[in-house]
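Okay, structure first, notes after.
The values are calculated or read from the model by the stated rules, or taken from the named source; none is laboratory data. This is a predicted model, so every value here is computed, not measured. Virtual Cβ from ideal backbone geometry, glycine too; neighbours counted across all protein chains shown.
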Amino acid sequence: MKARYLLAHLLSFAAAGQSAYHAAAATLDPVILGRWTEVAGKDVRTVRVAGNFVYVAALTNLHVINVANPANPVRVGVYNSKATIRDVAVVGTYAFLAASEAGFETLDVANPTAPRRVGGYTGDAVYADRLVVTETHAYVLESWGLSIFDMQDPVLPQVTAWLEKGWLQWESIVKTGNHVCVSGRKSIDIVDVSTPSQPWRLVTYLASPLLGLEDDPDPYFNGIASSGPRLFASFTDDPPIPPFDHPDYGGLEIIDFSYPGDPQFLGRYVTFATVNGVAISGNYAYLATDAGILVIDVTDPRDPRRAGGNHQFPAQAVAVKDDKLYAVGQRGLFILQVAAGPGPARPQFAAPIQVTRNGARLTLSGPTGQTAYIQRTSNLSQWEDWVSVKLVDQPVEVTDEEAVSQFQRFYRLVLK
């Protein structure tokens with residue numbers, strides 16, 4: 001089989017002992033497969049995926065869209081709430097809504113063409129804003145704090161506990177293990193819910209200063225996702241006051257959550273686009289921004305890097321499932337093909353080449369069990385098969401010791 005070249009790295013060694021490297025890697029640009037525009041121009045801020053259906057909240061309506069054929073998404077059902085739908089969760093045959101002053105609503109979506117309200121909670125002082133729902137409990141951010149509901153009967157959820165938020169401003173929520181993480185202005189609250197009837201605030205993580213942007217050192221966390229022992233929080237600077245202001249920057253902050261009582265800053269990616277939310281899949285973070293979708297490689301959480309993007313539409317929210325990305329905003333719902341699902345879809349260089357006294361160090365990653373074939377050259381005209389590497393579930397390093405005697409060195413991966 002004829003070899004196909006994936007990407008190449010260039011490493012140059014200067015005579016004075018200085019070194020420089022340049023990477024020429026293929027970008028992971030999501031490609032639009034289909035679009036649904038019936039909510040274009042409306043306030044669309046929430047998207048969720050369950051099976052072959054996407055749930056899009058636009059003002060007071062929840063739209064159910066069949067995306068079995070991504071090139072031709074079709075709305076099959078709609079539910080009208082009495083209030084603005086702020087968030088959606090889908091578990092089994094039920095959809096749960098945080099519908100501002102209408103409270104916490106339960107819908108039966110066993111028949112997606114006819115979603116109907118079958119229950120919920122509209123108790124005192126419940127202004128539902130964000131939520132996350134499991135098979136046993138629902139965690140709802142509302143006016144004055146975090147409400148926890150027992151969901152043994154999804155039709156009649158029962159309040160089991162409540163935690164006051166105090167001065168904090170909460171914007172988004174994610175559950176990971178026995179903890180609920182709530183992000184907001186300048187901080188992330190980590191709440192222990194191992195006993196749902198007795199939640200307690202374990203610790204508050206404060207945003208790290210933005211180096212080089214000291215005039216506004218505290219980012220405003222507006223989205224949060226989790227993957228394994230890490231949290232991924234999207235941020236922007238102080239929320240704008242339309243039409244008079246606009247954020248100066250946004251980005252992604254990565255936090256080590258290995259020890260929930262001692263979360264630690266790992267890395268940050270900063271962009272000058274307004275960032276509205278984040279979704280995680282494998283080694284990639286997908287940022288919804290006013291300038292489109294940004295794909296951030298988080299293989300090395302201490303050095304997140306832009307891997308690609310799509311700038312054909314503004315995005316308010318994003319969700320990812322398998323190899324499809326679903327983004328919503330003022331121009332409707334977009335369905336995109338992403339270049340890699342969970343983890344790298346093919347062997348790739350996972351980090352820039354490192355120059356050491358022992359030679360050139362290369363880091364590779366890709367699907368466990370695959371073999372990465374590396375070629376090298378010093379003149380770009382004659383390539384030699386240098387080494388093959390069996391990939392595992394962690395990045396693999398190899399060192400070219402002979403590079404120290406070369407003025408320049410080029411490397412590339414090939415598929416055979």
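Across the stretch 150-179, the qualifying residues are those that are at pLDDT below 95, within 18 Å of residue 97 (Cα to Cα) and outside any loop (DSSP other than H, G, I, E, B), and the one among them that is nearest to the chain's Cα centre (by Cα) is 172. Selection of the stretch 74-124 for residues being within 27 Å of the chain's Cα centre (by Cα), farther than 18 Å from residue 155 by Cα and in a loop (DSSP other than H, G, I, E, B) yields 84, 85, 86. Note on the stretch 362-372: among residues that are surrounded by fewer than 18 Cβ atoms within 10 Å (Cβ to Cβ) and modelled with pLDDT of 85 or more, the one that is farthest from residue 300 (Cα to Cα) is 371. Just one residue in the set 104, 149 is out of contact with any Gly (no Cβ under 9 Å at 6 or more places or on another chain), crowded, with 22+ Cβ neighbours inside 10 Å and without any contact (Cβ under 8 Å) to a residue 60 or more places away in the chain; that residue is 149.
Just one of (1) more than 15 Å from the chain's Cα centre (by Cα); (2) modelled with pLDDT of 95 or more; (3) in a strand (DSSP E or B) fails for residue 355. It is (2). Just so you know, in the stretch 33-53 the residues that are hydrophobic (A, V, I, L, M, F, W, C) and outside any strand (DSSP E or B) include one that is surrounded by the most Cβ atoms within 10 Å (Cβ to Cβ), and it is 39.
Among the residues of the stretch 180-204, those that are in a strand (DSSP E or B) and in contact with a Ser or Thr (Cβ under 6 Å, 6 or more places away or on another chain) comprise 183, 187, 189, 204. When the stretch 28-76 is examined, which residues are found to be at positive phi and of a type in the set (A, V, I, L, M, F, W, C)? The one that is at positive phi and of a type in the set (A, V, I, L, M, F, W, C): 59. Contact map, the stretch 197-208: first residue at negative phi and charged (D, E, K, R), second residue at pLDDT below 95 and not in a loop (DSSP other than H, G, I, E, B), Cβ cut-off under 8 Å, separation 6 or more or different chains; pairs are 201/163; 201/189.
What number of residues within the stretch 249-297 satisfy the criterion of being outside any strand (DSSP E or B), of a type in the set (S, T, N, Q) and over 16 Å from the mean Cα position of the chain (by Cα)?
1
Checked against (1) in a loop (DSSP other than H, G, I, E, B); (2) closer than 21 Å to residue 175 by Cα, residue 71 passes all but condition (2). Among the residues of the stretch 386-414, the ones that are within 29 Å of the chain's Cα centre (by Cα) and either free of Cβ contacts under 8 Å to residues at least 60 places away in the same chain or surrounded by fewer than 17 Cβ atoms within 10 Å (Cβ to Cβ) (or both) come to 7 in all.
Going by the conditions given, is residue 263 over 18 Å from residue 35 (Cα atoms) and at pLDDT below 95?
no
Within the stretch 305-314, identify whether any single residue is more than 15 Å from the chain's Cα centre (by Cα), among the aromatic types (Phe, Trp, Tyr) and modelled with pLDDT under 90, and answer yes or no. Checked the stretch 305-314: no residue is more than 15 Å from the chain's Cα centre (by Cα), among the aromatic types (Phe, Trp, Tyr) and modelled with pLDDT under 90. Given (1) without any contact (Cβ under 8 Å) to a residue 60 or more places away in the chain; (2) out of contact with any Asp or Glu (no Cβ under 8 Å at 6 or more places or on another chain), identify the lone condition not met by residue 314. Exception for residue 314: condition (2).
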